[in-house]
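Working notes, beginning with the structure itself.
The values are calculated or read from the model by the stated rules, or taken from the named source; none is laboratory data. Fair warning: this is a prediction, and the values are worked out from it, not measured in the lab. Cβ sites come from the backbone with ideal geometry, for glycine too, and all protein chains shown count toward neighbours. In case anyone asks, the SASA skips ligands and DNA or RNA and just uses the protein heavy atoms, side chains included. Shrake-Rupley method; radii C 1.70, N 1.55, O 1.52, S 1.80 Å.
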Amino acid sequence: MTEDSQRNFRSVYYEKVGFRGVEEKKSLEILLKDDRLDIEKLCTFSQRFPLPSMYRALVWKVLLGILPPHHESHAQVMLYRKEQYCDVLHALKVVRCVTEATPQVEVYLRMYQLESGKLPRSPSFPLEPEDEVFLAIAKAVEEMVEDSVDCYWIIRCFVNQLNNKYREFLPQLPKAFEQYLNLEDSRLLSHLKTCSALSKLPYDLWFKRCFAGCLPESSLQRVWDKVVSGSCKILVFVAVEILLTFKIKVMALNSAEKITKFLENVSMLFSNLILNLERKSFGKPDFFIASHSFSDIFTL
């Protein structure tokens with residue numbers, strides 16, 4: 001039996017007995033041992049498999065550009081990141097924008113605003129929609145990452161990725177959602193249109209906040225593995241999966257308000273959502289792979 005045949009046999013065996021992640025974890029550990037981390041290979045791995053929790057923060061920091069590919073530079077670079085974090089935090093305390101009593105996620109927001117030149121004259125000014133998005137993402141990351149320096153930098157770079165890399169793509173996601181749902185269940189789509197609910201679905205929660213505050217932490221981490229590694233298409237698939245999962249309930253609702261309210265609160269009840277998506281994608285290596293065009297979403 002060749003080496004590839006043995007590997008395929010092991011993968012099938014592990015999958016059947018419930019240990020599919022064994023081979024994937026070994027493969028990731030091999031990638032992480034390289035003197036110079038291969039960003040492209042790490043992206044491909046993250047697109048195809050969920051990251052083991054023990055390596056997630058490291059891989060995210062590398063893919064988001066917080067850490068460089070070279071291992072030997074990691075400690076020094078994180079020292080610089082920590083110094084910058086402390087300097088910005090100190091500046092905010094000096095001008096009394098934050099105090100010891102300020103919630104940590106709000107501290108992260110003020111730091112981000114200061115660094116991006118958008119710090120309001122007074123903390124009492126009402127929050128902008130983009131600030132609400134930042135806070136939702138910050139709250140989610142805070143639950144995942146213990147170290148405050150790592151937490152801030154991941155939030156900062158994740159939000160920057162949404163605002164820069166995905167800036168042109170995010171507005172297209174509602175249309176992609178409609179096209180993909182039509183392929184999966186045209187009757188369900190027709191019901192949404194009949195109820196005038198299609199334009200009122202919680203797209204901001206799904207696509208701008210990337211399901212922050214919506215999905216359970218374990219599911220959200222798996223979704224963000226794909227987003228961090230270069231594909232926001234996963235957000236469309238998750239949204240469609242939610243509709244398909246709760247089709248019976250949605251079909252029984254006859255108003256846009258009721259459907260929207262239900263969908264805004266329902267996702268926390270379904271922790272196996274991403275597992276279902278991964279089962280669908282198993283054996284389809286390019287299911288979540290990033291693309292420069294969204295035309296492939298429309299023709300799935």
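Measuring only protein heavy atoms, the 1.4 Å probe finds Leu114 accessible over about 70 Å². Annotation for the stretch 30-70 versus the stretch 108-178: alpha-carbon center distance of 22 Å.
In terms of the mean number of neighbouring beta-carbon atoms within 10 Å, the peptides 181-192, 48-59 order highest first as 48-59, 181-192. Evaluate E = 1/(1 + (r/R0)^6) for Arg36 and Cys86, where r is the Cβ-Cβ distance and R0 equals 45 Å; express this FRET efficiency to the nearest 0.05. Once rounded, the FRET efficiency stands at 0.95. As a fraction of the 1.4 Å probe accessible area of the stretch 65-130, surface on carbon and sulfur atoms comes out at 56 percent. For the stretch 70-164, the ratio of Cα radius of gyration to the globular rule of thumb 2.2 N^0.38 Å stands at 1.09. Taking 16 Å as the straight-line reach from the Cα of Lys175, the aspartates and glutamates in range (excluding those fewer than 8 positions away in the same chain) are Glu184, Asp185, Asp204, Glu241, Asp296. Across the protein chains, with a 1.4 Å probe defining accessible surface, the residues Thr99, Thr44 rank Thr99, Thr44 from largest area downward. For the stretch 70-164, the solvent-accessible area with a 1.4 angstrom probe is 57 square angstrom per residue. With both labels modelled 7 Å from their Cα along Cα-to-Cβ, the Glu128 to Ser199 distance reads 2.6 nm. Say the cut-off is 28 Å between C-alpha atoms; which of Lys118/Lys233; Lys118/Lys139; Lys25/Lys233; Lys93/Lys208; Lys193/Lys226 go over it? Those over the limit are Lys118/Lys233; Lys93/Lys208; Lys193/Lys226.
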